[in-house]
Amino acid sequence: MNTQGSELRMLAVVPPDRRAEIARQLAPLKPDLLFLDRLAEAEVAMREDDIFQVVLLPASLSDTDWWEFWGVLALLNPRPAILVYAREATYLLWSGVLELGCYDVIVDPFSDETLQGAVLGAVKSFEERRASGSQPE
């Protein structure tokens, strides 16, 4: 549940072999979790009437895939809080992600507590932005 008392809706771009693990790690949050492989799936999943509070994206996407996902996400209103995960969180990656308006970078592999804490923080950020009517640039 988010801070407004409604269901946590989340998109995650996660390899098929990691989905069960991520779902288990997030289970205490009881999310409505939608796993995606390709941008075409994202465009179908993100209909105008759907609101997703959080999106989990890998930093390892190809440049083309990253920008295509970003293009779709940037059009959502309200735009979800975007968590990026990477094997290593360099300053360049972290600052670039924040400059784009993403919420944070988390280092993979992550513990249950790290992933849950990051998602809860992202939800809080999303809800605060939504309540104030502001969107990241």
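Here are the numbers for this structure:
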quantity: Residue list for the stretch 76-125, filter: over 19 Å from ASP63 (Cβ atoms) and assigned to a loop (DSSP other than H, G, I, E, B); calculated: LEU76, ASN77, PRO78, ARG79, PRO80, TYR103, ASP108, PRO109, PHE110, SER111
quantity: Any hit, the stretch 71-92, residues being aromatic (Phe, Trp, Tyr), over 19 Å from LEU120 (Cβ atoms), over 13 Å from the mean Cα position of the chain (by Cα) and modelled with pLDDT of 90 or more; calculated: yes
quantity: Residue in the stretch 44-62 that is modelled with the lowest pLDDT, counting only those that are surrounded by fewer than 18 Cβ atoms within 10 Å (Cβ to Cβ) and farther than 21 Å from ASP108 by Cα; calculated: GLU48
quantity: Residue tally, condition in contact with a helix residue (DSSP H, G or I) (Cβ under 6 Å, 6 or more places away or on another chain), open to solvent by less than 40 Å² (accessible area, probe 1.4 Å) and over 23 Å from LEU75 (Cα atoms), over the stretch 100-115; calculated: 2
quantity: Top-ranked residue of the stretch 76-99 - restricted to ones that are among the hydrophobic types (A, V, I, L, M, F, W, C) and more than 20 Å from ASP37 (Cβ to Cβ), ranked as most open to solvent (accessible area, probe 1.4 Å); calculated: LEU92
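The values are calculated or read from the model by the stated rules, or taken from the named source; none is laboratory data. In this text, all values refer to a predicted model and were calculated from it rather than measured experimentally. Cβ coordinates were reconstructed from backbone atoms using ideal geometry, including for glycine residues, and neighbour counts include every protein chain displayed. For the accessible areas, the whole protein counts, side chains as well, though only heavy atoms, and no ligand, DNA or RNA atoms are used. Shrake-Rupley method; radii C 1.70, N 1.55, O 1.52, S 1.80 Å.
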